[in-house]
Amino acid sequence: TVEMIGAAGFDWTWIDLEHGTGDYSELIPQMQATSIYNAPAVVRIAWNDAPRFKRVLDLGAAGIMVPYVTSAAEAKQAAEAMRYPPEGVRGVAKFNRACGFGQNFGNYFAEANQKLLTVVQLETKASVEQAPEIAAVDGVDVLFIGPLDLSVSMGTPDHYESPEFLKALDRVADACKAHGKAAGILVPKPDYLESWIGKGFTFLVVGSDGGCVAAGLKNIAAACGKFK
């Protein structure tokens, strides 16, 4: 699947270790597959917990997406877990995949704090309210909306055209613009792309591998069903 994403021409690859079924052992060959094409991996970890950052970064992730960030303090915690001291608290090791197993440690160590991407997810009404404060945190690069969780938090599950939901998108996009950060969102279907890009969202996850396979199979089943 990761090879197909790269071959299709996507800019980057989103690998999900929060709701996805994979773990660190499956992540290694996926990382290797991202190296074939220019579609580097941003990995969503399961929680804002420093050891999770360290393991994924040492495997060579280009960035990490952190779920359920609700405050500036939690955003700062994530930014620090992404970085080596003195800017952060990431443990230093030479002989891992990210450092070329020791052969590229000097370059990696010198550049990692600036080049690795820190993405924090806003998934509740409370986190959207805190968007300006979260966007102001040094070291946070992207504020990323999880639309399903946010819609559930608003009491309107899976409804993405309500005035309250659209107002939340605007608040996050405005906060990002004010602080020089990127606004991101998971796009459930391509129909929303034009509208949400128009609002200022530029860091986009569109669909999922499981969703694409399920939709394709459903279309084939429907086509075959006509001949029963």
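The values are calculated or read from the model by the stated rules, or taken from the named source; none is laboratory data. Just so you know, these numbers come straight off a predicted model, no measurement behind them. Glycine gets a Cβ as well: all are built from the backbone with ideal geometry, and neighbour counts include every protein chain shown. Remember, those area values only see protein heavy atoms, side chains included, never the ligands or the DNA or RNA. Shrake-Rupley method; radii C 1.70, N 1.55, O 1.52, S 1.80 Å.
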*Of all the residues that make up the stretch 41-54, how many are in contact with a Leu (Cβ under 9 Å, 6 or more places away or on another chain) and either surrounded by 18 or more Cβ atoms within 10 Å (Cβ to Cβ) or within 21 Å of residue 212 (Cα to Cα) (or both)?*
6
*Close pairs (7 angstrom Cβ cut-off, 6 or more residues apart or separate chains): without any contact (Cβ under 8 Å) to a residue 40 or more places away in the chain in the stretch 5-28, among the aromatic types (Phe, Trp, Tyr) and open to solvent by 40 Å² or more (accessible area, probe 1.4 Å) anywhere*: 6/37; 7/37
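The rows are residues; the columns are (1) farther than 15 Å from residue 165 by Cα; (2) open to solvent by less than 60 Å² (accessible area, probe 1.4 Å); (3) β-branched (Val, Ile, Thr); (4) touching a Leu at 6+ places or on another chain (Cβ under 8 Å).
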residue	(1), (2), (3), (4)
191	yes, no, no, no
194	yes, no, no, no
199	no, yes, no, yes
203	yes, yes, no, no
207	yes, yes, no, no
210	yes, yes, no, no
217	yes, no, no, no
223	yes, yes, no, no
227	yes, no, no, no
*asked:* Looking at the stretch 146-166, can you tell me whether even one residue there is in contact with a helix residue (DSSP H, G or I) (Cβ under 6 Å, 6 or more places away or on another chain), more than 27 Å from residue 10 (Cβ to Cβ), open to solvent by 30 Å² or more (accessible area, probe 1.4 Å) and among the polar types (S, T, N, Q)?
replied: yes
*Looking at (1) open to solvent by 10 Å² or more (accessible area, probe 1.4 Å); (2) farther than 22 Å from residue 59 by Cβ; (3) among the aromatic types (Phe, Trp, Tyr), which is the only condition residue 105 fails?*
(2)
